[in-house]
Amino acid sequence: LHSQIKPHFLYNTFDAISSLALMNKNKEVYEAILALGSLYRTNLSKGNEVIHIREEIEAVKNYIKILMIRYEDILSSEVEMDGRVKNMLIPKLTLQPIVENALYHGIKPKEEKGTIRISASLSGKDVVIRIQDDGVGMSREKVDKIMAGDPMSFGVRGTIERLRIFYMRTDVMRIETELGKGTTVIITIPAVKEELNHGKDL
């Protein structure tokens, strides 16, 4: 779940930034370094495991900026956030594993440019977050494997388990998908503004 702050991620990012520098793309180098610094700052979060949704959204936007250094030709993104949910709480690193999955298993295999769309909105007493891609999609069998704990889908499955434990409910995520048309991961969590004691040690 913390793969984006492991050394290989950092090495790959610096390699990409070095390439931009060699091409004299100073503005892109500056923006990439800012995105990387902001991503690390949010992910470290002074040791806090729970952050505001606005912080999680900002972190995933920076994550996508870094991905686009390497995958600009195949990746675009759109992000929308309802202002009413920005100060609600969420375990950090909830969205990044899903975005990573959308890129590597949805858009890249399509072999043409695709888009990841992220939205966060308020629905009654719940926050609904959608991560949608227009990639290759998945079979129903694959979805069932992920939901059942497929070890090859550790990032997504781990996210599901973390959310279930934190919010003490099972209906935190569902996956809608169609082969050849893409996948939408829908996260539904309570609209919580105060930290839950049982979630501090996740």
**Item:** Cβ crowding within 10 Å averaged over residues, with 61-67, 164-170 ranked highest first
**Value:** 61-67, 164-170
**Fill in**
For the chain, the charge dipole (Cβ of Lys, Arg +1; Cβ of Asp, Glu -1; about the Cα centre) points to a positive end, and the Cα of SER77, ILE33, ILE131 closest to that extreme belongs to ILE33
**Asked** Looking at this model, which pairs from LYS142/LYS193; LYS25/LYS61; LYS65/LYS181; LYS125/LYS181; LYS27/LYS86; LYS108/LYS145 are more than 26 angstrom apart at the alpha-carbon?
**Response** LYS142/LYS193; LYS125/LYS181; LYS27/LYS86
**Student exercise, region 52-202 dipole from Lys, Arg, Asp, Glu Cβ charges, in Debye to nearest 20** = 240 debye
**Request:** Note the full-extension length gain between TYR104 and GLU78 as 0.36 nm times their separation in residues minus their Cα-Cα distance, in nm to one decimal.
**Result:** 7.6 nm
**Prompt:** When only the heavy atoms of the protein chains count and the probe is 1.4 Å, how do TYR71, TYR104 rank by accessible area, highest first?
**Reply:** TYR104, TYR71
**Prompt:** Which helices, taking whole DSSP H runs in the chain, have alpha carbons extending 15 angstrom or more along the helix axis plus mean Kyte-Doolittle at least -0.5?
**Reply:** 7-22, 26-44, 53-71, 154-167
**Prompt:** For region 83-141, treating each Cα as an identical point scatterer without solvent, what Debye log10 I(q)/I(0) comes out at q = 0.13, 0.27 1/Å?
**Reply:** -0.43, -1.09
**Request:** Give the accessible area for THR13 in Å² (nearest 10); use a 1.4 Å probe, count only protein heavy atoms, and leave out ligands, DNA and RNA.
**Result:** 10 Å²
**Request:** Report, to the nearest whole %, how much of the accessible area of the chain belongs to carbon and sulfur atoms, 1.4 Å probe, protein only.
**Result:** 51 percent
**Average accessible surface area per residue within region 18-74, 1.4 Å rolling probe, Å²** = 59 Å²
**Complete:** Along the dipole axis of region 76-161 (charges at Cβ: +1 for Lys and Arg, -1 for Asp and Glu; origin at the Cα centre), the most positive-end residue among TYR104, MET147, LEU93 is LEU93
**Message:** For Rg/Rh (Cα atoms, Kirkwood Rh), one of (1) 0.96; (2) 1.08; (3) 1.17 was computed from the structure I shared and the rest are decoys. Which label?
**Reply:** (1)
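The values are calculated or read from the model by the stated rules, or taken from the named source; none is laboratory data. Quick caveat, the model's predicted, so the values are computed rather than measured. Note that we place each Cβ from the backbone using ideal geometry, even for glycine, and neighbour counts take in every protein chain shown. Side chains included, ligands, DNA and RNA excluded: accessible areas come from the protein's heavy atoms. Shrake-Rupley method; radii C 1.70, N 1.55, O 1.52, S 1.80 Å.
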